[in-house]
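Please read the structure below before turning to the comments.
Here, each number is a calculation from the coordinates, and none is a lab measurement. Quick caveat, the model's predicted, so the values are computed rather than measured. We place every Cβ from the backbone using ideal geometry, glycine too, and count neighbours over all the protein chains shown.
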Amino acid sequence: MGAARDALRQLQEIEHQIVDIKRQLRRKEGVVSAQEKKLAELRKSVEAEKAGIQRAQMDFNSLDVDVKARTAGIQKDREQLNAVRTNKEYAAVLKQLNNDKADLSRLETEALARLQTVETQQAALQQRLQQLQSEESRREELVDQAAQARKSFDTRLGELQAQRAKVAASLPPDTVRTFDRLSEHFDGEVLATVERTHPRRDEFVCGGCFLTVTAEVANALTTRDDLHLCKNCGRILTVK
């Protein structure tokens, strides 16, 4: 193997380690982002539940006012019932009293149902708030884990980047730029080994995309230290 391809192989090995570290860090950061999204949804739910409780409480308060007004009306009906002088007046006041009692019963039933709704919603809100508190604590743990991972990887990442720069310095700038571009595109998998598909025939494929590589290119890789790219996937071709 020529010096250039040997350097490319070293660069590939270093790149694998760098990409793996960055991938682990992205995973940590992704978990934090997912937790923050979950918290945002929980906070949204909490605000919606608070608004629902407020509306239900206002409905209950309105019904409570009606109950008190109807109770006062019944008391007035009873006073009038004791003050009437004729059977006709008595019958009219009694009818009004019975209607007011029926309305009061209906209002009390509605008010009780609305109060029960408020109490149920408040209990559910307390559970949601406890869940929110738990998820916020979980977020803090994940943020701390991500920070610790970043701190633990920083030294190793610095060492690998220094090694990468040293190896890259031994290669032509155009080759390094090609390597960097391909590394970005293929997530660090820049090199592709040319594989022989038949032991008795000069038939070869790219180990990256498994499409045909000409015998001419395959032979050139074993005799010269030139840079050859797969015509299909664009990876840098190499041999074992």
Inset, instruction - Please identify, among Lys166, Lys68, Lys151, the residue showing maximal mean-square fluctuation in a Gaussian network model of the chain using a 10 angstrom Cα cutoff. - result: Lys68
Inset, instruction - Report ³J(HN,Hα) in whole Hz for each residue of the stretch 23-37, in order, from the Karplus equation J = 6.51 cos²θ - 1.76 cosθ + 1.60 where θ = phi - 60°; Gly and Pro get x. - result: 5, 5, 5, 5, 4, 4, 5, x, 5, 5, 4, 5, 5, 5, 5
Inset, instruction - With a point put 7 Å past each Cα toward its Cβ, work out how far Lys37 is from Asn61 in nm, to one decimal. - result: 3.9 nm
Inset, instruction - Quick one: how many lysine pairs does the stretch 3-170 have with C-alpha atoms less than 29 Å apart and a gap of 8 or more or different chains? Give me the count, please. - result: 22
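Counting DSSP beta bridges with both partners in the chain, what percentage is antiparallel, nearest 5?
Working: 6 of 9 bridges.
For the chain, the DSSP antiparallel bridge percentage is about 65.
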Inset, instruction - Give me the number: length gained by fully extending Gln127 to Leu211, i.e. 0.36 nm times residue separation minus the C-alpha to C-alpha distance, one decimal in nm. - result: 24.4 nm
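Rounded, prolate or oblate, given the Cα gyration tensor of the stretch 190-238, with a/c below 1.5 counting as rounded?
Values: a/c = 1.99, a/b = 1.17, b/c = 1.70.
In terms of gyration-tensor shape, oblate.
Taking the highest mean first, how do the peptides 47-53, 191-197 order by number of other beta carbon atoms within 10 angstrom per residue?
Per-residue mean Cβ counts within 10 Å order the peptides as 191-197, 47-53.
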Legend entry - Rounded to 10°, Cα long-axis angle of helix 87-168 versus longest principal axis of the chain: 20 degrees
Legend entry - For the stretch 1-76 versus the stretch 207-240, the gap between their alpha-carbon centres in whole angstrom: 49 Å
